[in-house]
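The values are calculated or read from the model by the stated rules, or taken from the named source; none is laboratory data. This one's a predicted model, so the numbers in the text were calculated from it and none came from an experiment. Don't worry about glycine lacking a Cβ; one is built from the backbone with ideal geometry, like all the others, and counts go over all protein chains shown. Please note that ligands, DNA and RNA were not included when accessible areas were found on the heavy atoms of the full protein model with its side chains. Shrake-Rupley method; radii C 1.70, N 1.55, O 1.52, S 1.80 Å.
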Amino acid sequence: MDYDQVFSDALKTVKEEGRYRVFTDIVRQRGAFPNAAWHSEDGIKDITVWCSNDYLGMGQHPKVIEAMEQSLKDTGAGAGGTRNISGTNHTHVLLEQELADLHNKEAGLLFTSGYISNDASISTMAKLMPGCVIFSDELNHASMIEGIRHGGCKKHIIRHNDIDHLESLQTATDPVVPKLIAFESVYSMDGDFAPIREFCDLADKYNALTYMDEVHAVGMYGKHGGGVAERDGLMDRVTVIEGTLGKAYGLMGGYITSTKDIVDAVRSFAPGFIFTTSLSPVITAGALASVRHLKESQHERAVHQERAATLKEKMRAADLPVMPSVSHIVPVLVGDPVICKQASDILLNEFNIYVQPINYPTVPRGTERLRFTPSPLHTDEMMDHLVLSMKAVWARLDVKRFAKAA
């Protein structure tokens, strides 16, 4: 067998479909977000970043940087091992307590990423409940899908946000088997919200647990940044709330919050937690500062919502195909992977605007898009430059033709 040819052919297929991904080599500039330096083939260029998940710019916040610098001086750089073998630092404990309090839960547990927290937690819960059946929204993140797959249990796919479909699936399921409803609060590619209250009502009616991914909502919604569930007064209705430290909080890592027994069971049985070096105390110190700040400050959330609404308004006024979104996500439909990549490349190379193309498998084929994430630090001038640049690119590539076909 020609092993090299196997991998070469796989890459060739992705490239022919127009969805081969190229990393953009940038350097974030302290205190200058959303500006960055792009290390291109033609040298270093100043660009504006429009696709960062550091939604509130907290990765640049003085309190966060100060906490990380102090931790580096006090503890050094590394974690020292897994949580079981010298890797539990006091800031891990404090951060887990802070996150549990944020979501009004008994306990919290940190992971090295939001992906791992979903995969490890869902799979472990499924394996610990013999005969478990999972009901999963069709637009759930890949990490949730992998967790369900690794759990090895029976599953049903719910049509997106379809309450009636979920109930029909539950009605047809043996009432005595353990059940888990898995969904997200904010779907990051479409920007819509889940019907949390209705899903929880059905969980109560059919004796099911609920597992909700709030990664695109924590820090962003609710009086203290507890997410959509806090905003809507529903935190006590959800069994497990999962979140990330890598988006609104500006760092990295994931977590779950739930009852003491569920959290302790995941801690005790999940390989993705047990056998992984823990987050550096420098990271957890910064995350702790970020969570505490956003518990008290409303400023970042308020400005962020205004900025997202303003960008949508400016794009609609320019007749750009902004997809329906009730959240802070601003997706603009293209409808073709090759054109989507070309639009992204032109915006970067000619207009110094960095936004990544979103293609299959992240979104279904035919719904390729550019996904914009305005922050509190994106100015009106930046928005006007973006909209004018997109209009020029749209006209050159005839993007409307593809968007209409999609």
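Miscellaneous remarks
- The GluC sites (Glu not before Pro) of the range 89-137 that meet both conditions, a loop assignment by DSSP and at most 15 other Cβ atoms within 10 Å of the site Cβ, are E106.
- Checking every one of the GluC sites (Glu not before Pro) in the range 1-68 against DSSP loop status and a limit of 14 other Cβ atoms within 10 Å picks out E17, E41.
- Relative to the compact-globule estimate of 2.2 N^0.38 Å, the Cα radius of gyration of the chain comes out at 1.01.
- Sites listed here are GluC sites (Glu not before Pro) in the range 111-201 whose DSSP assignment is loop and whose Cβ has at most 15 other Cβ atoms within 10 Å: E138.
- Along the chain, longest interval not containing exposed chymotrypsin sites (Phe, Trp or Tyr not before Pro), exposed being DSSP loop plus at most 13 other Cβ atoms within 10 Å: 24-274
- For the range 52-144, the equivalent ellipsoid derived from the alpha-carbon gyration tensor has semi-axes of 30, 19, 13 Å in decreasing order.
- With all protein chains modelled, accessible area of T379 [1.4 Å, Å²]: 50 Å²
- Linear extension gain, D174 paired with E306, 0.36 nm per residue minus alpha-carbon span: 42.8 nm
- Partnerless cysteines, meaning none of the other Cys C-beta atoms lie under 4.7 Å away, in the chain: C51, C200, C340
- Where Cα atoms sit under 21 Å apart: lysine pairs in the range 176-330 separated by 8 or more or lying on different chains: 6
- When the residues D42, D54 are ordered by accessible surface, computed with a 1.4 Å probe over the protein chains alone, the sequence from largest down reads D42, D54.
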